[in-house]
1. Of everything in the stretch 77-120, what is hydroxyl-bearing (Ser, Thr, Tyr) and buried (at least 20 other Cβ atoms within 10 Å of the Cβ)? Give them in sequence order.
2. Could you count how many residues in the stretch 734-759 are in contact with a Ser or Thr (Cβ under 7 Å, 6 or more places away or on another chain), within 19 Å of Gly702 (Cβ to Cβ) and surrounded by fewer than 20 Cβ atoms within 10 Å (Cβ to Cβ)?
3. Please go through the stretch 234-254 and give me each residue that is among the aromatic types (Phe, Trp, Tyr) and either within 10 Å of Gly357 (Cβ to Cβ) or free of Cβ contacts under 8 Å to residues at least 24 places away in the same chain (or both), ordered by number.
4. Given the conditions (1) under 16 Å from Thr340 (Cβ atoms); (2) modelled with pLDDT of 95 or more, report the number of the one that Ala204 does not fulfil.
5. For the stretch 592-638, what are the residues that are surrounded by fewer than 18 Cβ atoms within 10 Å (Cβ to Cβ) and of a type in the set (S, T, N, Q)?
6. Among the numbered criteria (1) hydrophobic (A, V, I, L, M, F, W, C); (2) touching an Asp or Glu at 6+ places or on another chain (Cβ under 8 Å); (3) modelled with pLDDT of 95 or more, which single criterion is violated by Val629?
7. Looking at (1) closer than 20 Å to Gly50 by Cβ; (2) surrounded by fewer than 14 Cβ atoms within 10 Å (Cβ to Cβ), find the lone condition where Asp217 falls short.
8. Taking the options Phe156, Phe222, name whichever one is without any contact (Cβ under 8 Å) to a residue 24 or more places away in the chain and crowded, with 17+ Cβ neighbours inside 10 Å.
Amino acid sequence: MARRGTQTPPPPDFEENIVDVDVSEEMRGSYLEYAYSVIYQRALPDARDGLKPVQRRILYSMNEMGLRPDRGHVKCARVVGEVMGKLHPHGDSAIYDALVRLAQSWSMRMQLVDGHGNFGSLGGDDSPAAMRYTEARMSREAALMVSSIDEETVDFRPNYDGQEQEPEVLPSAFPNLLVNGSSGIAVGMATNMAPHNLGEVIAAARHLIDNPEASLDDLMRFVPGPDLPTGGKIVGLEGIRDAYETGRGIFRTRATAHIESVTPRRKGIVVTELPYAVGPERVVSKIKDLVNAKKISGISDLKDLTDRQQGLRLVIEIKNGFHPEAVLEELYRLTPMEETFGINNVALVDGQPRTLGLRELLQVYVDHRIDVVRRRSLFRRKKREDRLHLVDGLVIALLNIDEVIRVIRESEDSAEAKTRLMGTFELSEIQAQYILDTPLRRLTKYDRLELENEKERLTREIAALTAILESETKLRALVSSELAEIAKTYGTPRRTVLLESSGQTRTAAVPLEVADDPCRVLLSSTGLLARTTSLEPLPGEGARAPHDVIVSIVNATARGQVGAVTSAGRLIRVDVLDLPALPTSAAPPSLAGGAPMSEFVSLDKDETVVGLASLDSPGLTIGTEQGVVKRVAPDYPKSADEFEVIGLKDGDRVVRALQLESEDHELVFITSDAQLLRFPASSVRPQGRAAGGMAGVRLNAGARAIWFGALDGDLESRVVTIAGSSTALPGTQTGAIKVADYAEYPAKGRATGGVRAHRFLKGEDVLILAWAGPTPAKASGMTGKPLDLPTELGRRDGSGVKLPSPITAISGPVGTSSADAPPQPAESADSAESAE
């Protein structure tokens, strides 16, 4: 044993042999071998079946293992072990990664592996589970790839150790390379092929079969562009044309998104499809980085609501004051919601890497498929000819059964029997051996009939196969018909939308932020708030939606504020931008698109919003149940979000608040005991916010004011009163209704009792609803259905006519100095809708 640090002498017979090698030559040779291995054995697909070696070996091994679509799933680890041990001498992770991709619906346009378990997520945001957990079997489409592989349709070659055989290519009953695409990086070259629609590709292939001289334009009538598994949009088709012509081109893919109301107060961008190979986590992360860096504005929240039931759903909430369309265009520009896809159609053709256009790809596949069908037909004809040869021998034996038995019995052994049969009946060796192997029970009269029918059938099939093999036209027609059947069975609708234009959604006329333009804020009787840019008067009939009567309107600007006056005498500031905008296409608009008041203001129990006020102009006028009237001086605090605008007495509440347009108007009170008082607005002087107001109408004992408004005395106006019983349930009364001319009611001084407005009949003791305003007046019932009012005008102190059904709201032309039914609590909007 040699000491450490000393050299062991070489054995006596050792001969020193040093070879001088040029390092550059050695490196060149080694690198070429490595490059060859990567190009041909790993990275590039074959143009015939569209598969890389590892993918081909996975499908072939699964087929050999019997993992067909009608069988059960097995652990992926079994498949990986089978592939690695017999065909693919590389690591298990590479094989499993390839298997996983074949099972991902967002990677493959037609999945070739049917998987159970976690196979990852879109964009690679989540890794697949380990192969000991997941299960797999061949998909129906994969069965088409290996169909007829046992009929000598493709060549086989030895595996890496020469102990097994593997196919050089799969029969591939559909154009897999174009349908599923491919990607890979080799040495000095790469491939990146886009997926396409199966039906479109097969239609183009069939056209090429029928018209071998077809041009690219002819084929693009069938294949206008890629069809990506994740859907989305392709904007601009120039790059696609280049790719189909030269094999190289670039196009842009864009997410599919639409704008909708994600909350009652805000709009949002909902993304349902992303560009190919882009995952939601990547988009979410990029948007958050842009928001934090203040490179994009207008986004208030971002939620990933993706699940297995509804699929991809990213909800991007937009701040009020920003145009969602403009924000969406910024997202397209700055995030992976719009990506470029570079087509590089590099595939192996006859063992050589080539860059192929659409026509060349289809031609290579068509030639391959024609060769497969020809070899399959040869194999099937040979099998039938062999069988027919045996059947002919059996028929001869049956016709001479006694002589056959005698020859066999007189023979010393089976070899002699076979020789004598061949000589006596002129049989071949195969026929004679088959007769000897056939049991006697197969030599009955019934079997003879069966054999004759089989002989006839085999003869027909051989003739049909011979006709196909001898006619190129029939062979191509057969290939075409088989492709058509596959397209009919497995074809799916196109998922990706192709756009000729660049797809710009934002124009110079659409700025990012909403301009501070004039608008109007509307309040409905059910407590809905909305804004509209329409400044034209709104006809009362068209402006009404079910349970939706507009009771207050104020002018504002989009970035301004309005005040919501409550029955408790409070004024609460509301940002106009927070209110939903009614569509301008609706003429006239309806408050059906509004949002409940509870979304904007917090109210106490039994407190309601009774009107809107402008914060920038004077004119807020208030009337209370105890007959108090007040014009509020506009000394509103700038910093307070809410404040009192009237000092109410105990038990009093505001009936209605309105924005008085002019002191030339008249203020009107209608009381529960059927008194109406009209007096000049100029008789009420403005007071500070803390003041308690002035006497408006003098009330009788037990009476209260039920309606308050302001009218232009020069307009033709009407007064509508509805009487009923104070003990009946609200909304159930069908008492007497009367429509009278407003001019019949004489004007009185402020703080007086007014004049009689309605005469009660038997069972009536109170007014349950009243309204005064310009004509025409409209009414609606509990269900929101419009109801007709009496056309005949009654006397000022008359009793009216019987109501056919209860009336819950009355309205006149919107945008005038009219007023409507008292608004109900905000939460009653939902109950009213449910009543309908």
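The values are calculated or read from the model by the stated rules, or taken from the named source; none is laboratory data. Remember, predicted model here, so these are calculated numbers, not experimental data. Methodologically, a virtual Cβ is constructed for each residue, glycine included, from the backbone with ideal geometry; neighbour enumeration extends over all protein chains shown.
1. The answer is Tyr96, Ser107.
2. Selection size over the stretch 734-759: 1.
3. Narrowing the stretch 234-254 to residues among the aromatic types (Phe, Trp, Tyr): 244, 251.
Listed by number, the list holds a single entry, Tyr244.
4. Just one mismatch for Ala204, condition (1).
5. Correct list: Ser598, Ser602, Ser617.
6. (2)
7. (1)
8. So the residue among Phe156, Phe222 that is without any contact (Cβ under 8 Å) to a residue 24 or more places away in the chain and crowded, with 17+ Cβ neighbours inside 10 Å is Phe222.
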